[in-house]
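The block underneath contains the structure these notes are about, expressed in structure tokens.
The values are calculated or read from the model by the stated rules, or taken from the named source; none is laboratory data. Quantities reported herein were computed from a predicted structural model and do not represent experimental measurements. Because the Cβ atoms are built from the backbone with ideal geometry, glycine has one as well, and the counts that use them run over all protein chains shown. We work out accessible area using only protein heavy atoms, side chains counted, and drop any ligands, DNA or RNA first. Shrake-Rupley method; radii C 1.70, N 1.55, O 1.52, S 1.80 Å.
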Amino acid sequence: MILKLPWSRGTFPVTRLRQVYLVGGSVRDLLLGRRPIDIDLAVAGNPRAFALRLAAHTGGRLVPLGKPGLRLYRIVNGTQVIDVSAVAGQSISEDLLRRDFTINALAVDVASGDIIDVCGGRADLAAGRVRMVSRSAFEQDPVRLIRTFRMAAVLRFEVTPGTAAAVRDQAMLITRPAGERIRDELLKILETGRAADAITQMADCGLLSAMLPELAALSSKRPAQTPGCDRFEHTLKAFSEIENLLANPRTVSPFDIDPVVWSLASIPAAILKFAILLHELVRPSADRNDLHRFRRPTVNCDAVKTICARIKLSNRQTNYVDFIARKHRWPLLLFEANRRKRLSNRAVSRFFMMGGDKTPDLFLHAAADAAGGTCEIRHQEQTFDGFARGLLRRYFTEFLPRKNSPPLLTGDDLIDLLGLQPAPFFKSLLTRIEADRLAGRLQTKDEAIRRVETMLQRRTAPIR
């Protein structure tokens with residue numbers, strides 16, 4: 001038999017393939033009718049010598065990886081990758097028994113084409129099951145605890161009860177791996193369309209709270225005014241709702257605006273999902289009277305950044321998650337003010353200015369928050385969706401076109417036209433003028449100058 005690699009130049013003689021095995025996810029994907037992204041080969045013998053010959057034959061570049069004794073040889077040829085490693089143990093069967101899940105504990109003898117299945121992986125593939133090879137799999141590498149649910153989410157499989165029980169018993173092992181390894185597995189879950197199911201199962205078996213212990217405290221926090229509102233349960237419901245909304249943003253998107261334009265912040269949907277997972281960690285203070293300035297004090301405001309640092313999110317991702325978590329109630333404050341007929345155009349403009357390109361994301365988050373039964377507007381989510389559509393239409397059709405035009409006044413205008421000396425209050429004054437321009441209350445420079453003069457004459461309170 002001849003092994004033909006889709007990216008190789010020609011074929012590789014069978015005489016060089018004895019005791020060479022295609023293993024792991026490569027076999028799983030082929031049996032599922034999926035094209036493997038990477039190829040994993042296990043060699044009984046000298047993997048380096050084999051990798052050198054294969055690299056020379058395919059024209060690929062050989063990159064040694066790993067520590068001595070755990071060496072892996074990666075052959076890179078354009079976008080294609082072949083990983084070559086030694087068979088673990090005395091035989092390929094022993095190697096497969098050391099792997100994580102039965103569906104990954106499969107091998108193909110490259111020379112004969114025979115499938116080697118010592119763990120029942122083919123039956124589990126057919127049944128759509130994620131089953132551990134053994135309980136020791138999680139002790140050997142605790143990241144496999146999260147990978148259990150990543151595999152289920154990606155493949156749309158179900159985790160077997162025995163595997164879920166083993167995860168529950170060993171959940172605290174997840175505190176051992178490096179943060180970036182946890183991040184990678186978690187984000188792969190969040191990238192799927194079944195992340196809500198995976199997160200709920202992780203919560204049920206205690207893995208979510210072991211990985212993010214800050215969330216565990218939410219179960220005991222029930223606001224006095226809404227005693228039935230468990231913030232942890234609400235978080236899981238809101239997470240499910242954000243996934244539904246991301247699949248169908250028309251729920252809150254204006255019908256005449258393409259939802260494609262929503263991704264103004266250029267942040268993957270997985271990061272927005274992560275933000276809603278943490279949003280209840282940041283709570284507003286008791287002060288509820290700062291609608292127009294949107295400078296509401298918060299409590300526990302460092303928790304989100306602490307978690308992001310622990311799992312090694314990038315600075316940009318961290319800042320986005322922190323912003324969404326801190327400001328997630330802004331749209332709800334606008335909704336409440338509108339319900340009381342106290343919402344001004346200036347307040348809306350200031351909200352758009354503060355939200356910037358994250359404004360659509362904030363509305364999407366708030367809609368999920370409402371549909372998830374947020375304590376503030378429980379049973380009003382349909383009304384909120386209509387409110388959100390209206391403001392988003394204003395954002396796209398009125399605010400953005402105005403925002404892209406130059407401001408009516410600058411700091412130089414305050415100095416040259418009004419004779420003012422540069423001062424710290426310039427920023428606040430210009431922000432007020434800009435908010436009025438974006439709200440449509442000011443159209444010309446002369447109107448803006450007169451407004452500044454009026455503001456300076458009144459000055460019943462210091463301009464900050």
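Could you tell me the distance between the Cα centroids of region 394-437 and region 17-48, to the nearest Å? Region 394-437 and region 17-48 have Cα centres separated by 62 Å.
Taking amide H positions as modeled 1.01 Å from N, with prolines and chain starts lacking one, the residues under 5 Å from residue 159 and 5 or more places away or on another chain are 130.
Structural descriptor for region 308-464: relative contact order 21 percent, calculated from alpha carbon pairs under 8 angstrom and at least 6 residues apart. Distances between placed amide hydrogens fall under 5 Å for residue 191 paired with no residue 5 or more residues away or on another chain. Measuring only protein heavy atoms, the 1.4 Å probe finds residue 119 accessible over about 20 Å². Projected label points at residue 169 and residue 34, each 7 Å from Cα along the beta carbon direction, are separated by 2.9 nanometres.
Computing Rg and the Kirkwood Rh from the Cα coordinates of region 91-228 gives a ratio, Rg/Rh, of 1.06.
The value of relative contact order for region 405-464, using C-alpha pairs under 8 Å at least six residues apart, is 41 percent. With K and R counted +1 and D and E -1, the other residues having a Cβ less than 11 Å from that of residue 269 yield a net charge of -2.
For the peptides 309-319, 192-202, 358-368, residues were scored by their other Cβ atoms within 10 Å and the scores averaged per peptide; the highest-first order is 358-368, 192-202, 309-319. In percent, rounded to a whole number, the relative contact order of region 122-209 is 35, using alpha-carbon pairs under 8 Å and six or more apart.
Computed with a 1.4 Å probe over protein heavy atoms only, the accessible surface of region 14-157 comes to 46 Å² per residue.
Remark: spin-label model distance residue 71-residue 403 equals 5.5 nm, labels positioned 7 Å along the Cα→Cβ axis.
Per residue, region 385-464 exposes 58 Å² of accessible surface when a 1.4 Å probe is rolled over the protein heavy atoms with every protein chain present. Annotation: lysines with alpha-carbon distance below 23 angstrom to residue 427 (same-chain offsets under eight excluded): 327, 358, 403, 445. How much of the DSSP bridge set in region 39-154 is antiparallel, in percent, rounded to the nearest 5? Looking only at bridges with both residues in region 39-154, the antiparallel portion is about 75 percent.
Summing charges over all other residues whose Cβ lies under 13 Å from the Cβ of residue 358, with Lys and Arg as +1 and Asp and Glu as -1, gives 0. Dipole magnitude for region 83-199: computed about the Cα centre from +1 point charges on Lys and Arg Cβ and -1 point charges on Asp and Glu Cβ, it is near 420 debye.
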